[in-house]
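J.: Okay, here's the structure, questions in a sec.
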């Protein structure tokens with residue numbers, strides 16, 4: 001089990017870390033992730049990805065679910081966004097395969 | 001014409017100027033408003049409500065020492081109810097395990113603790129009071145409760161050679177973020193500039209240690225290193241632009257684009273006791289004076305970096321030249337750059353160094 005900043009694998013099970021908070025901002029009319037000394041405003045795709053980061057689903061499950069919803073291939077979008085969150089240390093990740 | 005196009009993300013709430021420390025680089029003004037003028041709990045409640053309506057998401061509770069407010073828990077509880085991400089910026093002297101638990105219970109999100117050096121002798125000398133051991137104990141208590149923790153050290157010529165030890169300390173305390181922030185010369189720090197500014201050689205060594213540590217600790221520790229702008233070729237993008245992302249409310253309710261802007265005596269200061277926060281952000285002469293790019297003189301006016309550094313710092317321009325509307329003298333293109341060069345030259349010569357003047 002690792003906690004931060006490795007390249008995301010398909011078997012990884014991510015969720016937002018305790019230091020980060022997902023919240024609706026009525027002023028900007030956007031979902032935002034709040035963190036120490038930072039704010040990340042999310043677009044619709046990002047919101048959909050974060051909503052599936054529950055620590056249970058693996059990245060492959062998230063990709064399958066979203067590919068179905070959007071009716072297109074989303075692999076690279078999902079991996080790029082999750083890697084971005086991981087590099088900001090916003091994810092707790094369990095990965096049985098990676099141990 | 002310069003009306004706000006943006007909603008602010010961050011509010012620095014200076015709850016009080018009272019502080020148990022006496023750091024000679026304190027960013028508070030040399031002449032501070034009296035504790036009798038401090039905003040009340042009810043007034044802060046109104047300010048925070050207005051700030052949330054204005055769009056502020058990050059609330060930095062600072063001072064002085066914010067824990068000197070007897071109503072700090074009520075202010076925090078209110079802030080969390082309103083939906084802020086709350087950050088307590090503290091000297092940690094009164095941050096006992098009990099106090100830390102109370103702060104956790106009302107929903108505080110993040111703690112930033114300052115230390116003054118990597119060991120007690122120098123740390124206590126810079127702080128002007130015995131404090132190091134209590135700060136370290138507080139850092140451990142905060143981490144034990146699961147708070148994300150930032151350790152902040154203001155760097156200057158007396159402690160910058162301790163960066164390796166500071167990194168080791170941060171690692172040992174398992175802090176999440178380490179801010180190694182070279183002194184910026186405002187307020188008390190400007191007063192003590194000749195005694196605080198590091199030499200060129202010190203900076204070279206420090207930056208090399210930081211570079212190595214960033215690679216070694218990449219997975220574990222976020223290291224923020226703030227350069228001393230007197231040594232840089234271009235100015236810093238101060239506050240991400242004037243009246244663009246941040247605002248400050250001082251203990252007596254003055255509203256400023258940054259904590260130092262009160263010293264620009266040519267700009268009329270608005271106060272939350274007289275005006276709504278939204279009007280001050282959107283319409284006040286102070287916030288609109290240096291918004292955007294229209295105010296810029298040469299060399300900024302025709303400079304391709306104008307959208308990168310926004311002309312640098314207005315307060316620094318004012319305090320070094322008497323005119324807040326000129327290019328930050330730190331920029332090597334500024335017609336006033338010789339002022340900065342002279343200050344740097346003095347520090348790097350063998351001239352005698354005077355004593356620190358402590359904040360009182």
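The values are calculated or read from the model by the stated rules, or taken from the named source; none is laboratory data. The model shown is predicted, which means the values in this text are computed figures rather than measured ones. A quick note on method: Cβ atoms are made from the backbone with ideal geometry, for glycine too, and the neighbour counts reach across all protein chains shown.
J.: Just for region B:216-229: of the residues that are within 13 Å of chain A (Cβ to nearest Cβ) and free of Cβ contacts under 8 Å to residues at least 24 places away in the same chain, which one is nearest to residue A:86 (Cα to Cα)?
T.: B:219
J.: Okay, next question. Name the residues in region A:35-50 that are under 26 Å from residue A:95 (Cβ atoms) and within 11 Å of chain B (Cβ to nearest Cβ), would you?
T.: If the condition is that a residue be under 26 Å from residue A:95 (Cβ atoms) and within 11 Å of chain B (Cβ to nearest Cβ), then A:35, A:36, A:38, A:40 are the ones that fit.
J.: Take residue B:21 and decide whether it is at pLDDT 95 or above, buried (at least 16 other Cβ atoms within 10 Å of the Cβ), more than 14 Å from chain A (Cβ to nearest Cβ) and part of a helix (DSSP H, G or I).
T.: no
J.: Continuing with this model, one more query. Considering each of B:276, B:257 in turn, give the residue that is in contact with a helix residue (DSSP H, G or I) (Cβ under 7 Å, 6 or more places away or on another chain) and surrounded by fewer than 17 Cβ atoms within 10 Å (Cβ to Cβ).
T.: B:276
J.: Given B:81, B:98, which one is surrounded by fewer than 21 Cβ atoms within 10 Å (Cβ to Cβ), more than 14 Å from chain A (Cβ to nearest Cβ) and modelled with pLDDT of 95 or more?
T.: B:98
J.: Moving on to the next point. Do we have any residue at all in region B:310-322 that's under 30 Å from residue A:40 (Cβ atoms) and part of a strand (DSSP E or B)?
T.: No; the residues of region B:310-322 include none that is under 30 Å from residue A:40 (Cβ atoms) and part of a strand (DSSP E or B).
J.: Which of the residues spanning region B:143-167 are surrounded by fewer than 22 Cβ atoms within 10 Å (Cβ to Cβ), part of a helix (DSSP H, G or I) and in contact with a strand residue (DSSP E or B) (Cβ under 7 Å, 6 or more places away or on another chain)?
T.: Answer for region B:143-167, where residues must be surrounded by fewer than 22 Cβ atoms within 10 Å (Cβ to Cβ), part of a helix (DSSP H, G or I) and in contact with a strand residue (DSSP E or B) (Cβ under 7 Å, 6 or more places away or on another chain): just B:143.
J.: So, one more: Among B:170, B:181, which is in contact (Cβ under 8 Å) with a residue 12 or more places away in the chain, surrounded by fewer than 19 Cβ atoms within 10 Å (Cβ to Cβ) and farther than 24 Å from residue B:350 by Cα?
T.: So the residue among B:170, B:181 that is in contact (Cβ under 8 Å) with a residue 12 or more places away in the chain, surrounded by fewer than 19 Cβ atoms within 10 Å (Cβ to Cβ) and farther than 24 Å from residue B:350 by Cα is B:181.
J.: Here's another thing I want to ask about it. Within region A:18-36, which residues are surrounded by fewer than 18 Cβ atoms within 10 Å (Cβ to Cβ) and part of a loop (DSSP other than H, G, I, E, B)?
T.: Once the filter is applied, which keeps residues that are surrounded by fewer than 18 Cβ atoms within 10 Å (Cβ to Cβ) and part of a loop (DSSP other than H, G, I, E, B), region A:18-36 yields A:18, A:26, A:27, A:28, A:29.
J.: Based on this model, can you work out whether residue B:186 counts as away from chain A (no Cβ under 14 Å) and surrounded by 22 or more Cβ atoms within 10 Å (Cβ to Cβ)?
T.: Considered against the rule, which asks whether it is away from chain A (no Cβ under 14 Å) and surrounded by 22 or more Cβ atoms within 10 Å (Cβ to Cβ), residue B:186 comes out as yes.
J.: Let me ask another. Please work out which one of (1) buried (at least 18 other Cβ atoms within 10 Å of the Cβ); (2) touching a strand residue (DSSP E or B) at 6+ places or on another chain (Cβ under 7 Å); (3) over 23 Å from residue B:146 (Cα atoms) is the condition residue A:90 fails and give its number.
T.: Only one criterion in (1) buried (at least 18 other Cβ atoms within 10 Å of the Cβ); (2) touching a strand residue (DSSP E or B) at 6+ places or on another chain (Cβ under 7 Å); (3) over 23 Å from residue B:146 (Cα atoms) is unmet by residue A:90, namely (3).
J.: Could you please find all residues in region A:17-34 being in contact with a strand residue (DSSP E or B) (Cβ under 8 Å, 6 or more places away or on another chain) and at the interface with chain B (Cβ under 7 Å from one of its Cβ atoms)?
T.: Within region A:17-34, A:18, A:19, A:21, A:23, A:25, A:28, A:32, A:34 meet the criteria.
J.: Looking only at region B:50-78, filter to residues that are under 19 Å from the mean Cα position of the chain (by Cα) and assigned to a helix (DSSP H, G or I); which one of those is nearest to the other protein chains (Cβ to nearest Cβ)?
T.: B:66
J.: For region B:42-49, indicate whether the set of residues that are more than 18 Å from residue B:245 (Cβ to Cβ), assigned to a loop (DSSP other than H, G, I, E, B), touching a helix residue (DSSP H, G or I) at 6+ places or on another chain (Cβ under 6 Å) and away from chain A (no Cβ under 14 Å) is non-empty.
T.: No, because not a single residue in region B:42-49 is more than 18 Å from residue B:245 (Cβ to Cβ), assigned to a loop (DSSP other than H, G, I, E, B), touching a helix residue (DSSP H, G or I) at 6+ places or on another chain (Cβ under 6 Å) and away from chain A (no Cβ under 14 Å).
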